[in-house]
Amino acid sequence: MAGGHVRARANLLNTLFSVIRPRRERTVFMPLPKKKNRRGVSVLALLSAASLLILRGDRAAISKLEPSSSGEVTPVVLRDMMTAETASRGRNATSAAMAVEKYVDMPNRPAAADEGKVMYNSTYCMNEGSLHQLAKDMLHRSSPIGLEKLKHVLNSNRDFFIDSGKGSELGIFFMVERCIARMLEGYGLNQVKQTPPSSSANMTLVETFVTKSVCSILSPRCRDVSRIFIQSEQFFPKHVKLCHLSKNCIVIDFSEHNLRMAREENMDGSFVLLPVMTQTPSRLANDEPSRPKPLTNRSVDMVHFGFLTTRRKGLLRFADNYTRLHPGRVVMIEQIPSDSLETMSERYAESKVCVVYHSYATLAGGEYHRYSEFGPFGCIPVAETPSDKIGLPIFERCGGFAFVDAEQVIAKADDVLQMIDKSMYDLGYVQDIVRWWKKGVNWDLLLKDFDNK
């Protein structure tokens, strides 16, 4: 009996560790005997069923199964072994179920059941990994003083007038403006569409540094006007400091990196962190396909849209070197078209990899306006790593992102292309990414629970 129990224990460990460990790290303890128990069920099948219950964390189901007196590894024996094993390892141990959960949740890790495929955790990404939950987490990352100042500004007036200085409905700020308006209306404020007079004192102005304001904060007489300043840049314009000095102005910033810089300058009490540069939906929403095209069927290998700053011209050199070494690849590094958004949509819909390269500096926040434009088209993003900390693991796990240093962007994009060529990104994975983006941020509810008393 004792010998059978030892063999059963070894069989159990063999089964569990073969699931937990990657294939290349597996160690074989003992072969599993296909011995029949009294009910005619093989021990191997019984172990497989019990292991599935462990993977699901379903201890209650295990406890309901009947034991066997034959000394075999039945579910109750299995349960007792797990209890003894956990107790003997103490506080520094990790249970088998926790280890399996950690393995399954790892981003872009091929599972043994689907070797070679990049996997996706839909349950996580539609809940705690959603863009809406990330937005809420960002808000709570703000300083308590900043949150109190936001509350003060929100409660100053019932009406607000928003002008992001977009200039044209083709501009980036077009959909950003609409998202912010929805957020403020969800809080209970009323949007005024007609431009107010410069002397209006009963209205909160919502602006960016390019807004042609009816009462600019640069003017001393307008310093104490109730104002929400949307900080959209990777640097601080002079408007930010003036907003900090005003008791009736709050800065809403998209970047945790910017929030850290504000803290270094003792201005974080006037800052609130929210994803105001994430367009959900984006300005390209009307051209987004109802069903993304399989990556292997797309005609463009890499694409990058953005103003070609001096720094981004370095990306052109990387791309030129790459296409000389890989003459069959199609790489497009382009300016944003000024006359039509259809060109961008067509490129994104046909691109396997979408590349992002910072405009001016290595230390910068993420280009979330760009992410949210190409995301719903289902290309695999390879982006220069932003200086933001919050949210990056979520973008990797749920948005399919690969973040790398600037000089590695093209090389990493090539790695991803090789994986695509090997069909490691199937259509289901691409559809999951698109679904995550389309769920987006529920702007109407973002400030709904924020105390407005």
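Overview of results
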quantity: Residues of the stretch 415-431 that turn out to be open to solvent by less than 10 Å² (accessible area, probe 1.4 Å) and within 18 Å of the chain's Cα centre (by Cα), as a count; calculated: 2
quantity: Members of the stretch 157-198 that are in a loop (DSSP other than H, G, I, E, B) and in contact with a Ser or Thr (Cβ under 6 Å, 6 or more places away or on another chain); calculated: Asn157, Ser164, Gly165
quantity: Residue count for the stretch 373-406, restricted to those that are surrounded by fewer than 19 Cβ atoms within 10 Å (Cβ to Cβ), more than 13 Å from the chain's Cα centre (by Cα), of a type in the set (D, E, K, R) and in a helix (DSSP H, G or I); calculated: 0
quantity: Selected residue (only one of Val251, Val331 is closer than 23 Å to Pro376 by Cα and either of a type in the set (Ser, Thr, Tyr) or out of contact with any Lys or Arg (no Cβ under 7 Å at 6 or more places or on another chain) (or both)); calculated: Val331
quantity: So Tyr360, is it among the aromatic types (Phe, Trp, Tyr), modelled with pLDDT of 95 or more and open to solvent by 10 Å² or more (accessible area, probe 1.4 Å); calculated: no
quantity: Criterion: touching a strand residue (DSSP E or B) at 6+ places or on another chain (Cβ under 7 Å) and open to solvent by less than 40 Å² (accessible area, probe 1.4 Å) - qualifying residue of Val409, Val434; calculated: Val409
quantity: One residue from Asn286, Asn297 being open to solvent by 50 Å² or more (accessible area, probe 1.4 Å), within 26 Å of the chain's Cα centre (by Cα), among the polar types (S, T, N, Q) and at pLDDT 95 or above; calculated: Asn297
quantity: Strands (runs of 3 or more DSSP E) within the stretch 199-259 that include 3 or more residues at pLDDT below 95, of a type in the set (Asp, Glu) and open to solvent by less than 10 Å² (accessible area, probe 1.4 Å); calculated: none
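The values are calculated or read from the model by the stated rules, or taken from the named source; none is laboratory data. For clarity, every value in this text was computed on a predicted model and none was experimentally measured. With ideal geometry, Cβ positions are generated from the backbone for all residues, glycine too; neighbour counts draw on all protein chains shown. These accessible areas exclude ligands, DNA and RNA; they are computed on the full protein's heavy atoms, side chains included. Shrake-Rupley method; radii C 1.70, N 1.55, O 1.52, S 1.80 Å.
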